[in-house]
Amino acid sequence: MKTAAVSCVLCVVALSLAAQPLPSDRQVIPAVARVEGADGASWRTDVVLHNPGSAAANVTLSLLVEAEDGLPGTPVTVDLPDALAAGATVLLADVVGTFFPDHVAGALIVSARTDEGQPVEIIADSRTWTPGEDGVGSYGQGIAAVPWRPDRGLARTERRLTDLETGESFRTNIGFANLSETTAATIAVDILDAAGEPAGTRWVTLEPSSWKQLNDLLGKMGLEGSGFAAIVRLADWQDLT
């Protein structure tokens, strides 16, 4: 039971990721948004889907949002109106504003099936950026999708995030998604300075089927500068079945 619970907890950093997208019938995009940000920024997320296979895919989008304390989250689910043909690519512009207008941010699960319900491996990617009045974004970030596959690395109970920075030009946000429908997770985020010395710990409680993001984590801990690292670890879990 513990192994199953651990495998459903995914923690990622909401910074620019350069990982090569991998095909899977379920993809998790750790952070999508249509929300006002700091210093007048206005964030939006575009999602790109590609079907490298030979069968058309019916695509379902599920948004995990922040849950109330002690209560499981309630994912919001929509089906794309048109199937993704074999070899085709589609851009879902402003995915939150278009498909989830009652929400501002969360983690996105993308699932693909044939008409008969068989899984179809697709590739997903995203960009979250700040469009200006002239349509040109001032800054943004690429957030790669994470394949939700039983044979890949979601079962690790600890991850390390490096090259974190805080100051006038940079902020570090860390996002978490709990993919389990019945298991609540307690996450510890241990911060190390550039010399490897402990600089503080933040704790996060993550309800089943929910998402949470710690914005400007280092700044709110009174830290400043570059070279920080975070040890993100599953400290405890509780089966709420």
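Quick notes on this one:
- Atom-type composition of the exposed protein surface of region 139-241 places 44 percent of the accessible area on carbon and sulfur (1.4 angstrom probe).
- The HN-Hα couplings worked out from phi for region 103-117 by the Karplus form 6.51 cos²θ - 1.76 cosθ + 1.60 (θ = phi - 60°) are 10, 10, 6, x, 9, 10, 9, 10, 10, 9, 9, 7, 4, 8, x Hz, whole numbers, x standing for Gly and Pro.
- The Cβ shell under 9 Å around V47 holds other residues with a net charge of -1, Lys and Arg each +1, Asp and Glu each -1.
- Per-residue ³J(HN,Hα) for region 204-217, Karplus 6.51 cos²θ - 1.76 cosθ + 1.60, θ = phi - 60°, Hz, x for Gly and Pro: 10, 9, 10, 6, x, 6, 9, 9, 8, 10, 9, 8, 6, 4
- Rounded to two decimals, the Cα-based Rg/Rh of region 118-241, with Kirkwood Rh, is 1.01.
- Taking Cα centre as origin and charging only the Cβ of basic (Lys, Arg, +1) and acidic (Asp, Glu, -1) residues, the dipole magnitude of the chain rounds to 560 debye.
- Solvent-free Debye calculation, one equal scatterer per alpha-carbon of the chain: log10 I(q)/I(0) at 0.07, 0.14 Å⁻¹ equals -0.23, -0.95.
- A probe of 1.4 angstrom, applied to the heavy atoms of all protein chains, finds V78 with accessible area near 40 square angstrom.
The values are calculated or read from the model by the stated rules, or taken from the named source; none is laboratory data. Quick caveat: nothing in here was measured; it's all calculated off a predicted structure. Cβ atoms come from the backbone with ideal geometry, glycine included; neighbour counts cover every protein chain shown. Areas reflect the complete protein model, heavy atoms only, side chains present, ligands, DNA and RNA absent. Shrake-Rupley method; radii C 1.70, N 1.55, O 1.52, S 1.80 Å.
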